[in-house]
1. For the stretch B:110-206, which fully contained helices (runs of 4 or more DSSP H) count at least 2 residues that are under 30 Å from A:Ile229 (Cα atoms) and modelled with pLDDT of 90 or more?
2. Can you tell me which of (1) free of Cβ contacts under 8 Å to residues at least 60 places away in the same chain; (2) part of a helix (DSSP H, G or I) is the one A:Thr32 doesn't meet?
3. Among the candidates A:Leu176, A:Leu103, single out the residue that is in a helix (DSSP H, G or I), within 9 Å of chain B (Cβ to nearest Cβ) and farther than 30 Å from B:Thr218 by Cβ.
4. Which of the residues belonging to the stretch B:92-109 are aliphatic (A, V, I, L, M) and either facing another protein chain (nearest Cβ under 7 Å) or part of a loop (DSSP other than H, G, I, E, B) (or both)?
5. Out of all the residues in the stretch B:141-182, which are under 14 Å from B:Ala197 (Cβ atoms) and among the polar types (S, T, N, Q)?
6. Checking B:Val235 against (1) farther than 18 Å from A:Gly248 by Cα; (2) assigned to a loop (DSSP other than H, G, I, E, B); (3) of a type in the set (A, V, I, L, M, F, W, C): exactly one of these is not met. Which one?
7. Being surrounded by fewer than 19 Cβ atoms within 10 Å (Cβ to Cβ) and modelled with pLDDT of 90 or more: is that true of A:Ala250 here?
Amino acid sequence: MKRTTSPARAFLRGIPVTAWMLLLVIGPLAFTFLMSFWSTDGMQITAAWTLKNYALFFTDPLYVSVLAKSILLALAIAVLAILTAYPLAYLVSFRIRRGKQLLFMLSIIPLWVSYLVRIIAWRTILGNKGVINSALLAIGAIREPLTFLLYNRFAIAITLTYICIPFVFIPVYTALEKIPRNILEASSDLGAGELRTFVNVVVPLSLPGLVTGFIFAFIIALGDYIIPIQLGGTQGIMYGNLIWNQFGFAFNWPLGAALGFILFGIAVAVLTATSRFGTTEGGFLNE
Amino acid sequence: MSSGTRKRGTGLKIFGALIYLFLYFPLVIVLIFSFSPTKTLVGMQGITLKWYQELFRDQGLLTAFLHTILIGLASVSIAIALGVSGAFFLSRVNFPGKGVFRTLVLLPYILPGIIMGISLLIFIRNFGIKLSWFTVLLGHVSFTVPIVMFQIMARLARMGPNYQAAAMDLGANPVQTFRYVTLPMIRTAIVGASLLAFTVSFDEIVISFFLTGSAWMTLPVYIYGMLRFGLSPKVYAISTIILCLSLVLITLMARYTGRSADVYRVGKQEARARR
């Protein structure tokens, strides 16, 4: 494909989307970056330049430790989502003939089911008077409601894994569907068993999808602030809550902007670091 | 060996069935609770519609519902105008830095919602604009544009530029080419993209939360407020209605995008964009 610059007239079409980008993407992000170097005077935000918002992040152990815990939890959630979504995608892509389209739809429908409804559902299941506890009480397995189900990291992990599964399923399934089936036959003809074919052929070829899914899940989990509020309780404060608090209770927007930009930096770093996988493997899959 | 293979296959199928159970059990729970006269599942007696009747008496909820529909329609209309022109721009025009431009378009879609939420809030408040329906609309336009744009781009990529070239060769002017050749070919993609963008807008809370004033609320923000007083049966009733609405939208979406695979085109494009 030729990579030449098009005639000037063709750029007219780009005006609306460029305006949108400047007003609703670049402008807000750039302005937030600027504000992260501002100060507060009581409740008043002043454009007095300072590094103290970033200094506070590195010196106050609260911020770094919450971020570290959130990263660990997000990693755990991404791993859990892959451990559930990968086998599911493998099953639908390789093992199902009849009803494949239906199972595919069933796997991705939860993506479009309201986020809030899913939160409500998990609060209902895990609560003290929730589905699990009332069922266990009714069959006499427990006498007191289990309290470790809700308002902690466990509840956050379950709900976010639930939300991330379709986000992992889609790129993994897409990658699996692209694997030419005769490669598997070749592997089998050369004497590799099913497991060996899976480890040496299927997994490497689906790696771009796997990485994309992992990144999706990790970023979704790391940036969430509503699930920790709804299901995390006091134990389950996440990095997103620290940002949210600066806009809600604390009213320290410059600090919130700085915390937000640190999250932005992490997201961009993760996306850039993993884009390499998309390049080489994706190129191979285009054959 | 064949029996071993079969056994492994069965194990995988059982695992798959358990995951589907995990995915749908919570939704079924919401559905059941919305019809339950009592708050508990064990010993549920009979079925009631009274929580649904109560919904219709909740003036605040009805207003919020109307707001959500209006915001969805408005933001999708704007996103179609911006997204279709933008899709033609990115698909057909070459310029240096195109890859970066593509990534920037996708940012509102890839970044955690909280970053877009605080950035838009800070930017909008800096211009002294008060939080209202207008600020919520801006927030929704920020993420509906990439959704529409990448759906249309996927269709344009499958079409190739030859049809337009042929029309022009046969003497059609650019307006005629668009009206009689391009538009009919991308019409279903536009409908599919609108439904997809509307579904996302209808449900959005993470960004809206930052841009909503105290008076003008969308439905998810209103329900979030209801949750402060615990899980009431009314919450389950409105949740069930939302569930049914999203199912209808998904079914329509799958139909209009032809292959249901198009539903996830944005995610695929995202992976491609990072190359």
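1. Those helices (runs of 4 or more DSSP H) span B:113-126, B:133-159, B:183-203.
2. (1)
3. A:Leu103
4. Across the stretch B:92-109, the qualifying residues are B:Val93, B:Leu104, B:Val105, B:Leu107.
5. B:Ser142, B:Thr144, B:Gln151
6. (2)
7. So A:Ala250 does not fit the description; no.
Listed here are the residues, each with its yes/no results for (1) at pLDDT 95 or above; (2) within 14 Å of chain B (Cβ to nearest Cβ).
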site: A:Trp20; (1), (2): yes, yes
site: A:Gly27; (1), (2): yes, yes
site: A:Ala30; (1), (2): yes, yes
site: A:Phe37; (1), (2): yes, yes
site: A:Trp49; (1), (2): no, no
site: A:Tyr54; (1), (2): yes, no
site: A:Asp60; (1), (2): no, no
site: A:Leu72; (1), (2): yes, no
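The values are calculated or read from the model by the stated rules, or taken from the named source; none is laboratory data. Given the structure is predicted, the values throughout are model-derived calculations rather than measurements. Neighbour counts are summed over all protein chains in view; Cβ atoms, including those assigned to glycine, are modelled from backbone coordinates with ideal geometry.
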